[in-house]
Every structure is written in structure tokens, then in C-alpha cells.
Amino acid sequence: MDILNTAITIRDSIRDIPKIYKSNLAQIKELEGEELDLLHQIELTRFNARDGYKIAKRIQEIRQERRRLKNENSQLKHLEIIVSKWQDKLPKLDESIGNIRKEKGNITTRKYHCRVRKDLETKINKI
């Protein structure tokens, strides 16, 4: 198990899931507004077949993107409720990640100091 990557993933999830959820909501609202504008264009203006196709195609793209965002949020909402309560833990997680990095560095440079048999120290530490 890569503990450092696990800690980073946990931290990033706590930090990013609420942001992604809120961003998706804002994008959905923006797309719905654009769709309403296009529907009003259909209702209130005259256009030829080519322009009608462009409008219909754009409405299709908007609906598909809106559905993708709503599907993502329908899953994210279950996590967003939980991780938004953990936002205050982010500084402690950052500190823990720093400590894990430091510990990984210490492990690679660790040396054993012999208590009695000093002659074995070079063999043990491969100096």
C-alpha cells in the first residue's frame, strides 16, 4: 500500500468534491439558462432550416452536458455531505502528508548504530 498516495487522495477528495459538486450546480444553471434563451429564440423569431438545425443541435448538446453533470452530482451528493464537514481537517492532513514524506526520506537514509559490535556497523550500513 502506498500510504503517501492514499493520504494525498483522501486530502484531494475532501478538498475537491465539494468544489466539483458546486461547480456542477453552477454549470447546470448556466446550461439551463442557455437552453431557455434558445427556446425563446425558437418561440419569438423566424429562421430557416439550417438555423433551425443549428439551434436544435445546440439544445441537444446542452441537454447531454446537463445530463452528464446531473448524473455526476447524483453520485457526488452522497460524498459531498460527508466531506464538506471535514474541511477543517485539511491543514492537519497537509501536515500529515508532509510528515509521511519526511518519514519516507528518513527510511531511505536510515542507518543502524551498533551498540557493542562497532566493527559490524560498516557491513550493516554498507558504507
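Points to keep in mind about this one:
- Separation of the I10 and F47 label points, Cα + 7 Å toward Cβ, nm: 5.2
- Selection of trypsin sites (Lys or Arg not before Pro), region 45-96, meeting DSSP coil and at most 16 other Cβ within 10 Å: R46
- Here the dipole of the chain is about 920 debye; that uses its Cα centre as origin and unit charges on the Cβ of Lys and Arg (positive) and Asp and Glu (negative).
- Rounded tilt (10° steps) of 90-109 against the dominant C-alpha axis of the chain: 40
- Inverting the pair-averaged 1/r between distinct Cα atoms of region 1-43 gives 12.9 Å as its Kirkwood hydrodynamic radius.
- Value in Å of the Kirkwood radius, where the chain supplies the Cα pairs that are averaged: 19.8
- Build a GNM of the chain with springs between Cα atoms under 10 Å apart, and of L76, L38, L90 the one that fluctuates most is L38.
- In this rough spin-label picture, where each label sits 7 Å from Cα along the Cβ direction, the Q87-E72 distance is 2.0 nm.
- With contributions of -39500 (n - 2.57) from each DSSP H run of at least four residues, the per-residue ellipticity at 222 nm computed over the chain stands at -28500 deg cm²/dmol.
- Estimated FRET transfer efficiency when R0 is 41 angstrom, pair N106-A26 (beta carbons, to 0.05): 0.40
- Dipole of region 3-125 computed with +1 at Lys/Arg Cβ and -1 at Asp/Glu Cβ about the Cα centre; of I59, L93, L36, farthest Cα towards the positive end is L93.
- Normalised by the number of residues in the chain, the average gap of Cα pairs under 8 Å and 6 or more apart makes the relative contact order 42 percent.
None of the figures in this text is laboratory data; all of them are computed from the coordinates on show. All figures in this text were calculated on a predicted structure; none of them were measured in a lab. For neighbour counting, all protein chains shown are included, and Cβ atoms are generated from backbone atoms with ideal geometry for every residue, glycine included.
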